[in-house]
Amino acid sequence: MRDGFNSAVILGDYIFIAGYRETKPNIISRYLIKVRQSDGTVIWSNIFPSKNKKKSGGFESIVSTNDNGILLTGVTNSHYSSMEGFKSYGNPTSGNAFSIYFSSEQLMSNKPPLEPIWEKEYKNMLTGKSIIKDENSNEYIIAGSSHEPTEAKVIKISNYGEILWEKNYVNHGELTDIANTPDGFILSGHKLVS
């Protein structure tokens with residue numbers, strides 16, 4: 001059984017840690033944990049399976065929202081065999097990117113949320129590697145990759161997960177992260193050079 005953590009965010013007295021957990025043989029689910037910052041006590045944890053219950057998924061990045069909620073991205077509806085590693089070259093190799101939102105009320109409860117407020121699946125994008133809040137608006141930018149042939153891909157979404165624009169960066173290589181700059185954003189990643 002495999003599990004791991006890919007990203008975390010602090011909200012008030014708590015750390016929300018996002019990753020994945022193998023809950024059944026050959027099925028990996030998105031996994032979220034709430035931990036008290038002062039002493040490391042786990043307050044709650046929960047899995048959020050892919051909509052196709054026979055497929056795998058994982059949270060890869062998390063960001064806090066202006067209303068003290070969280071927005072997460074990663075991969076969903078992926079084949080178990082393509083979930084070898086995160087943030088490494090070429091992984092995962094199947095599935096779709098998504099965004100998922102939990103409200104402050106859900107997060108501050110002593111019981112884990114059973115469902116998100118909303119979830120959007122992006123079938124034109126393989127995975128969401130990193131998510132940031134656009135410093136100039138109440139919108140978010142997800143960096144990831146397209147399906148085969150794999151290209152760097154960035155989408156901008158509303159605070160309800162609707163795609164506002166998308167762009168492929170054909171010669172960039174695989175994206176691993178995105179960061180705000182005064183004029184927009186910068187992408188990082190790696191590229192095979194022959």
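The values are calculated or read from the model by the stated rules, or taken from the named source; none is laboratory data. A quick note: this is a predicted structure, and the numbers were derived from the prediction, not measured. Here the Cβ positions follow ideal geometry from the backbone for every residue, glycine too, while neighbour counts run over all protein chains shown. These area figures cover heavy atoms from the full protein model, side chains too; ligands, DNA and RNA do not enter into them. Shrake-Rupley method; radii C 1.70, N 1.55, O 1.52, S 1.80 Å.
Some notes on this structure:
Residues are listed down the side, and each one gets a yes or a no for (1) in a loop (DSSP other than H, G, I, E, B); (2) in contact (Cβ under 8 Å) with a residue 24 or more places away in the chain; (3) among the aliphatic types (A, V, I, L, M):
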residue: Pro112; (1), (2), (3): yes, yes, no
residue: Ile132; (1), (2), (3): no, yes, yes
residue: Pro149; (1), (2), (3): yes, no, no
residue: Ala179; (1), (2), (3): no, yes, yes
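- Residue satisfying all of: in the stretch 51-84; in a loop (DSSP other than H, G, I, E, B) and touching a residue at least 40 places away in the same chain (Cβ under 8 Å); surrounded by the fewest Cβ atoms within 10 Å (Cβ to Cβ) among these: Asn66
- Residues being more than 17 Å from Pro113 (Cα to Cα), in a strand (DSSP E or B) and open to solvent by 10 Å² or more (accessible area, probe 1.4 Å) - total across the stretch 14-50: 4
- Inclusion of Asp3 among residues that are open to solvent by 60 Å² or more (accessible area, probe 1.4 Å), on the phi < 0 side of the Ramachandran plot and touching a helix residue (DSSP H, G or I) at 6+ places or on another chain (Cβ under 7 Å) is not warranted.
- Qualifying residues in the stretch 122-177 (those that are among the basic types (Lys, Arg) and out of contact with any Phe, Trp or Tyr (no Cβ under 9 Å at 6 or more places or on another chain)) - the one least open to solvent (accessible area, probe 1.4 Å): Lys167
- Test: residue in the stretch 155-174 that is modelled with pLDDT of 85 or more, out of contact with any Leu (no Cβ under 6 Å at 6 or more places or on another chain), under 18 Å from Val9 (Cα atoms) and in a loop (DSSP other than H, G, I, E, B): yes
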